[in-house]
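The values are calculated or read from the model by the stated rules, or taken from the named source; none is laboratory data. Predicted model, so just to flag it, every value in this text is computed and none were measured. Note that each Cβ is placed from the backbone with ideal geometry, even for glycine, and that neighbours are counted across all protein chains shown.
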Amino acid sequence: MLCYSGADPLIPIISFMEPRSMDEPIFASCPSNFLEKTTLEREDILHIHSHWRKDDNIDAYRQNIVQFLRDPDRSGIYTLGKRTSAITAAHCITTLEFLSWTEEETTCGEEAMSNFLSVDGGIWEWSVPKKRLNEGDDYFHINTPQLYFLVSGYLTYFLPLSSRNEALIRLCQQETFSSGRGKEHFPMRTRLAHEAIKAYLKRVEQ
């Protein structure tokens with residue numbers, strides 16, 4: 001996620017800004033509630049989840065991490081590529097299958113959430129207003145409809161980059177999220193994700 005974020009409107013950098021705050025926004029490559037809990041608590045040893053700042057030193061750090069992960073001689077099994085894209089796509093479907101929300105939780109629809117998107121210097125950003133949280137709360141957590149909006153975009157982005165993966169194929173064949181509440185509130189994103197699933201299955205089953 002760190003290495004691809006900002007490259008496309010489907011997978012933007014996330015900018016968290018507190019209302020009426022004069023402070024600079026905090027940036028993340030993806031919402032924390034998309035990640036496995038252990039990823040943030042034990043596995044994020046490189047501290048890369050929230051290393052999106054408008055700062056030259058941090059940007060240089062990120063570029064070094066990206067170069068490392070794209071070099072198979074250095075990163076080995078962790079090298080970015082079709083295999084890791086397939087793993088990411090599978091996690092997207094698993095996440096979407098478990099998302100549900102009430103009508104009251106849907107504060108805005110697809111068009112309004114799309115309006116949070118902007119592009120600056122070729123980098124896509126999705127700005128999320130945040131209320132000040134209690135100490136100890138997760139600042140990078142977003143609500144469920146927002147998470148659906150983002151993760152359905154992630155899935156659409158990563159499936160065409162994915163290699164054949166048996167677990168991903170099973171998830172694609174059995175998915176039900178595209179006929180649920182997401183279809184009602186986010187019809188365009190859901191349709192694009194469903195079309196990406198059909199295209200992936202057709203490609204890997206040939």
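Points worth noting:
- Options 201, 168; residue that is under 23 Å from residue 31 (Cα atoms), out of contact with any Asp or Glu (no Cβ under 8 Å at 6 or more places or on another chain), of a type in the set (A, V, I, L, M) and surrounded by 14 or more Cβ atoms within 10 Å (Cβ to Cβ): 168
- Of all residues making up segment 171-195, the number that are surrounded by 15 or more Cβ atoms within 10 Å (Cβ to Cβ) and among the hydroxyl-bearing types (Ser, Thr, Tyr): 2
- Where helices (runs of 4 or more DSSP H) fall wholly inside segment 60-120, the ranges with 2 or more residues that are modelled with pLDDT under 90 and surrounded by 12 or more Cβ atoms within 10 Å (Cβ to Cβ) are 72-75, 110-114.
- Count of segment 83-106 residues, restricted to those that are farther than 14 Å from residue 167 by Cβ and not hydroxyl-bearing (Ser, Thr, Tyr), is 7.
- Residues that are assigned to a loop (DSSP other than H, G, I, E, B) and either under 23 Å from residue 4 (Cα atoms) or under 17 Å from the mean Cα position of the chain (by Cα) (or both) within segment 188-206 are absent altogether.
- The set of residues in segment 170-187 that are among the charged types (D, E, K, R), under 13 Å from residue 198 (Cα atoms) and part of a helix (DSSP H, G or I) contains only 170.
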